[in-house]
Amino acid sequence: MGLFAKRSNVSISTLHYYDDIGLLPPSTTTDGGHRLYTEEDLRRLQQITLLKRLNFPLKEIKAIIDCQQDWGESLREQLELIREEKRRLNKIETTLLEYIHSFEIEGKVDWDVLFYLTQLSSRNPLEEEAVINSRLSPEEKEAFDRLPFLSGEDAETKEWIELLKQIKKHCHEGAASEKIQAIVQQIMVKTDQVFQGDEKLVERFWELRKKQDPVFRLYPLDPELLQFIEEAIIIWEQRQQKKIEPLQRNGVQP
């Protein structure tokens, strides 16, 4: 038995267990009760190992090998189970990424935010997509789809996360502070890239952002912080206008 275990790369305890449940009984035993395995037994063990790699339970493996279960149907059922597990794991992966990014933004564990994100993950994405399509024009939907999602791992998403993090970190300095205005400058540049300079789309998105409708799956921000960001943007726009006016008076196109 030891040689068979070594040859098949399976532990002796596993072979004992397979024998106990009737999955792989030895072809013969010695008078002393030692199990003896044949080439046919090795073949059966290889079949068991193959099906285990496909995540079949041992009880079902026995039925398949003993021809008590339709092979094709078993494979189709197992494929669907694997796909379902894959969907479940993908959802967990998405939620974990959102939690990680939330921690980066907040600098701490904010349980209210985590509960909110968990509720979002339990919603039906197809139903939400239908609602979004009913509320947004094709142009708005196209712009909305260009926005980064909290579960993203791309550079664009990370840049937005860092900007939110910096806003929260330095908001105590005031909306007109140089640090906040520098951050707003970056936000406006990225906003212009996302919405391709369409000011109406920017205004529309900002309305949606302030309403914080969960159907749009936007990161939850405190109303006070949203008001602070809006104030900082107004100050930035006023400063930009002051820079442009002298150029216009001199006939120079900004």
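The values are calculated or read from the model by the stated rules, or taken from the named source; none is laboratory data. Just so you know, these numbers come straight off a predicted model, no measurement behind them. Counting neighbours? That spans all protein chains shown, and the Cβs are built from the backbone with ideal geometry, glycine included. Just the protein is used for accessible areas: all its heavy atoms, side chains included, with ligands, DNA and RNA removed. Shrake-Rupley method; radii C 1.70, N 1.55, O 1.52, S 1.80 Å.
Just check region 3-126 against the gyration tensor rule for me: Cα atoms, a ≥ b ≥ c as the square roots of the eigenvalues, rounded for a/c under 1.5, and otherwise prolate or oblate depending on whether a/b exceeds b/c. Prolate, because a/c is 1.5 or more and a/b exceeds b/c. For E127, neighbours were defined as the other residues whose beta-carbon sits under 15 Å from its Cβ, and their charges (Lys and Arg +1, Asp and Glu -1) total 0. Couplings 3J(HN,Hα) of region 226-241, computed from phi: 4, 5, 4, 4, 4, 4, 5, 5, 4, 4, 4, 5, 5, 5, 5, 5 Hz, in residue order, whole Hz [Karplus 6.51 cos²θ - 1.76 cosθ + 1.60, θ = phi - 60°; x for Gly and Pro]. Just so you know, the Cα atoms of region 98-181 work out to an Rg and Dmax of 15.6, 43 Å. Looking at the chain, the accessible area is 65 square angstrom per residue; that uses a 1.4 Å probe and ignores ligands, DNA and RNA.
Run the accessible area of the chain with a 1.4 Å probe and give the carbon-and-sulfur part as a rounded percent. Carbon and sulfur atoms account for 53 percent of the accessible area of the chain. The Cα center of region 169-236 and the Cα center of region 1-68 differ in position by 64 Å. Note on region 86-137 and region 141-160: Cα centroid distance 13 Å, given to the nearest whole angstrom. Per residue, the chain reaches -23000 deg cm²/dmol at 222 nm when only DSSP H runs of four or more residues are counted, each adding -39500 (n - 2.57). Dipole of the chain computed with +1 at Lys/Arg Cβ and -1 at Asp/Glu Cβ about the Cα centre; of S121, L147, C67, farthest Cα towards the positive end is C67. Relative contact order of the chain, taken over Cα pairs closer than 8 Å and 6 or more residues apart, is 12 percent. Computed on the Cα trace of region 32-102, the radius of gyration divided by the Kirkwood hydrodynamic radius gives Rg/Rh = 1.24.
Legend: distances between Cα atoms for K52/K158; K86/K158; K108/K179; K91/K190; pairs beyond 32 Å are K52/K158.
Dipole magnitude for the chain: computed about the Cα centre from +1 point charges on Lys and Arg Cβ and -1 point charges on Asp and Glu Cβ, it is near 480 debye. Once all protein chains are placed together, Y99 keeps about 70 Å² accessible to a 1.4 angstrom probe. For region 39-190, the fraction of C-alpha pairs more than 18 angstrom apart is 74%.
Counting every alpha-carbon pair across the chain, the share separated by more than 29 Å comes to 55%.
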